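Asker: Take this structure first; my questions come after.
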Amino acid sequence: MIPKLDWRRFSEATDREGFISDLSAAISGPGLFRLTHHGIDPELICDAFTGSTSVFDLTEAEKRTLAMQAGPHNRGWARLGVERLADGSSVLERREAFNIGLELPRTDPRVATRQRFRTQTPWPAIPGFRDTMLSYYDAVLELGLALHRAFAAELSLAPDCFDPLFVDPLATLRLITYPPGTGSDAETGAGTHTDFGSISLLLTDDQPGLQAKLRNGDWIDVKPDSDSFIILLGDALECWTGGKYAATPHRVQSPKHRRQAINFYLDPAPEASLSPFPGFGKAVQRPQKYVDYLAEGLSAAHQVMQR
Ligand SMILES: [Fe+2]
């Protein structure tokens, strides 16, 4: 059973203590939760799904012009079968994706000097696509950051303790389409993994496929629910909290029918340290900047692409 948390209780301050108490139970219990009444405009969500379908329905030749390069920026189209998230597995992960990052102006020095992960998204020539996706990106980023205020309260930390970690973050909006499976055991939608960043805010269409591993070791189906975000905990949040907010292992089975997901990975700023907050465990031996952690993880996932 995945707990459902009504965001209005915290965001509108109608029952903050109750929300924090339920959040505590979700974090220490299953390790994931649904966020309902999140305030994101349903029309914007609908437009984002329509845009997602449009980009994957482009011709192969059109998509190739938007292709993600194997490093250094993590933007654009990843064709079927070029990533592997599961460690040490040879099972083919069947999905296509399109990644959108923080849109900095071309004149921004970080873009001009080609800093890692600092570039503009290769936008397809689909009317309204860019505006819709950037509106969705901004809305979910705001929601995700606000949710960290609730985490801070749950952790008995200052409300703004996460703020410095998310200045111009490496957050990624990832549109994904999973083609129907062939029924072979040698394929999957996504192998078992945890996400790299702080939290992931997931929306899917009505096709099942996502599974999550609970703290007790049981795997459960995460059923589609268009009215709520699935919130998964990521590696960075686990590091900052010394393991209290343990990252949520998950996987995606190849669906019977084409499956669409719109995932928002709330990754922190490049310079964010992965050291725990004071009082939350020992500092890591070699303090690692998030940008290096992400680069390492993506490089491993994209080894398939580089072959
Ligand atoms: Fe994931």
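Asker: Let me check the size of the chain from its C-alpha atoms; what are the radius of gyration and Dmax in Å?
Answerer: Taking only Cα atoms of the chain, I get Rg and Dmax of 18.5, 54 Å.
Asker: With bins 5 Å wide starting at 0, give me the P(r) of segment 4-78 over every alpha carbon pair, in whole percents.
Answerer: 3, 13, 14, 12, 10, 11, 12, 12, 8, 4, 0
Asker: Would you work out if segment 101-149 is rounded, prolate or oblate? Take a ≥ b ≥ c from the square roots of the eigenvalues of the alpha-carbon gyration tensor; rounded if a/c is under 1.5, else prolate when a/b is larger than b/c, oblate otherwise.
Answerer: Because a/c hits 1.5 or more and a/b fails to exceed b/c, segment 101-149 counts as oblate.
Asker: Per-residue ellipticity at 222 nm for the chain, helices alone: DSSP H runs ≥ 4 residues times -39500 (n - 2.57), over residue total, nearest 500 deg cm²/dmol?
Answerer: Theoretical 222 nm ellipticity from helices: -8500 deg cm²/dmol.
Asker: Amide H of ALA78: which non-local residues (sequence gap of 5 or more, or other chain) have their own amide H closer than 5 Å, using H built in the peptide plane?
Answerer: Excluding prolines and chain starts, which carry no amide H, the hits are MET68, ALA97, PHE98, ASN99.
Asker: ³J(HN,Hα) across segment 236-248 via Karplus (A = 6.51, B = -1.76, C = 1.60, θ = phi - 60°), whole Hz, x for Gly/Pro?
Answerer: Using θ = phi - 60°, the values come out as 5, 5, 4, 5, 4, 9, x, x, 4, 9, 5, 4, 8 Hz.
Asker: Let me ask another. Among TRP123, TRP7, rank each residue by its count of other Cβ atoms within 10 Å, from fewest to most, as a rough exposure measure.
Answerer: TRP123, TRP7
Asker: Here is a follow-up. For segment 4-301, with only Lys/Arg (+1) and Asp/Glu (-1) charged at the beta-carbon, what is the dipole magnitude about the Cα centre, in debye rounded to 20?
Answerer: Here segment 4-301 has a charge dipole of around 760 debye.
Asker: Mind giving me the FRET efficiency for ALA300 and THR14? R0 is 51 Å, r the Cβ-Cβ distance, nearest 0.05 is fine.
Answerer: On the way: r = 44 Å, r/R0 = 0.86.
Calculated transfer efficiency: 0.70.
Asker: Determine, for ARG75, ARG149, the number of other Cβ atoms within 10 Å of each Cβ, and report the residues in order from fewest to most.
Answerer: ARG149, ARG75
Asker: As a footprinting exposure proxy, order ILE262, ILE220 by other Cβ within 10 Å, with the fewest listed first.
Answerer: The order, fewest Cβ neighbours first, is ILE220, ILE262.
Asker: Calculated FRET efficiency, ARG116 and ASP87, Cβ-Cβ r, R0 25 Å, to nearest 0.05?
Answerer: Once rounded, the FRET efficiency stands at 0.65.
Asker: Pairs LYS213/LYS282; LYS213/LYS256; LYS213/LYS289; LYS256/LYS289; LYS4/LYS244; LYS63/LYS244: which exceed 31 Å Cα-Cα?
Answerer: Violating the 31 Å limit, Cα to Cα: LYS256/LYS289; LYS63/LYS244.
Asker: Using Cα-Cα distances under 8 Å and only pairs 6 or more residues apart, what relative contact order does segment 4-301 have, in percent?
Answerer: It rounds to 22 percent for segment 4-301.
Taken together, the values in this text are just the output of simple stated rules run on the coordinates, not laboratory data. All values reported here derive from a predicted model rather than from experimental measurement. Ideal geometry is used to build each Cβ from the backbone, glycine not excepted, and the neighbour counts take in all protein chains shown.
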